[in-house]
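**Q** Sharing a structure, written as structure tokens. Questions coming.
The values are calculated or read from the model by the stated rules, or taken from the named source; none is laboratory data. Note that the coordinates shown come from a computational prediction; the quantities given were computed from them, not determined experimentally. Here Cβ is always computed from backbone atoms with ideal geometry, including for glycine, and neighbour counts include all displayed protein chains. Only protein heavy atoms, including side chains, enter the accessible area calculation; ligands, DNA and RNA are left aside. Shrake-Rupley method; radii C 1.70, N 1.55, O 1.52, S 1.80 Å.
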Amino acid sequence: MALWRCGRASTNLLSKLVAGASISHQGFRCLSVAATDRFGDSQSLHDSMMKQMIHLDINSQIGSCMPLTMMRIGTIIHNIELKPGQGGKLVRAAGTSAKILKEPTSRYVLVRLPSGNEKLIDTRCRATIGQVSNPSHGARKLRKAGQSRWLGRRPVVRGVAMNPVDHPHGGGEGRSKSSGSYGRTSCTPWGKPTKCGYKTGPLKRKK
């Protein structure tokens, strides 16, 4: 009798274990199906986001480099080429930017430079969208003269403050650059004119 009861108990225990195993197997299967469904949803979401990025207006992406003909009016740009394939030449300083004033539909596009000048540039030239970083670079103040020397900038001395042996503007009474009664134009320490260069046109008739 005792042996029969032990066999019956072992049979019931075995059936419960088998049933629990099947339930757990079904649960794992459901979890795996849910995980695959979630992974599929994430894949579809990723694909939809990529499609949106493809169809997104590229002019709104700061840092994109493209020809001017692909941009629209009012776009803020920098690092502009002067000739196609030459490399960026304009608007490269810290904090600077240029603006497209007219729609680039023809051969040339009108661009306003940081100086305020308006320049016609070939639409095949490339530029980068956005503004150059570090706009507060120009507002930085040097703490002492030595900091300027750290940057490799040597002192600048005016020629008027020198002696005649050092500069053509040197010497004289007071702050005068004249040499004789006829005066003298601004020139380098080696005597070459600095502002307008040598006169190359026809001589004026003497009255």
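**Q** Can you name every residue in segment 142-166 that is under 26 Å from Gly191 (Cα atoms) and open to solvent by less than 70 Å² (accessible area, probe 1.4 Å)?
**A** Result: Gly159, Val160, Ala161, Met162.
**Q** Could you please find all residues in segment 128-150 being among the hydroxyl-bearing types (Ser, Thr, Tyr) and part of a loop (DSSP other than H, G, I, E, B)?
**A** Of everything in segment 128-150, just one residue is among the hydroxyl-bearing types (Ser, Thr, Tyr) and part of a loop (DSSP other than H, G, I, E, B), namely Ser133.
**Q** Can you tell me which residue in segment 82-95 is nearest to Arg72 (Cα to Cα), limited to those that are surrounded by 15 or more Cβ atoms within 10 Å (Cβ to Cβ) and not aliphatic (A, V, I, L, M)?
**A** For segment 82-95, the residue satisfying everything is Gly88.
**Q** Take Ala98 and tell me if it is modelled with pLDDT of 95 or more and touching a His at 6+ places or on another chain (Cβ under 9 Å).
**A** Criteria met by Ala98.
**Q** Further question: Pairs please, first residue from segment 116-133 and under 12 Å from Glu81 (Cβ atoms), second anywhere and open to solvent by 10 Å² or more (accessible area, probe 1.4 Å) and assigned to a strand (DSSP E or B), Cβ atoms under 6 Å, 6+ apart in sequence or on different chains.
**A** Arg124/Pro67; Cys125/Glu81; Arg126/Cys65; Arg126/Pro67; Arg126/Glu81; Thr128/Cys65; Thr128/His78
**Q** Filter segment 96-127 down to the residues that are of a type outside the set (Lys, Arg), under 21 Å from Gln61 (Cβ atoms) and open to solvent by 20 Å² or more (accessible area, probe 1.4 Å) and list them by number.
**A** Passing the criteria: Thr96, Ser97, Glu103.
**Q** Hey, another quick one. Would you point out the residue of segment 101-127, among those that are basic (Lys, Arg) and part of a loop (DSSP other than H, G, I, E, B), that is modelled with the highest pLDDT?
**A** This residue is Arg124.
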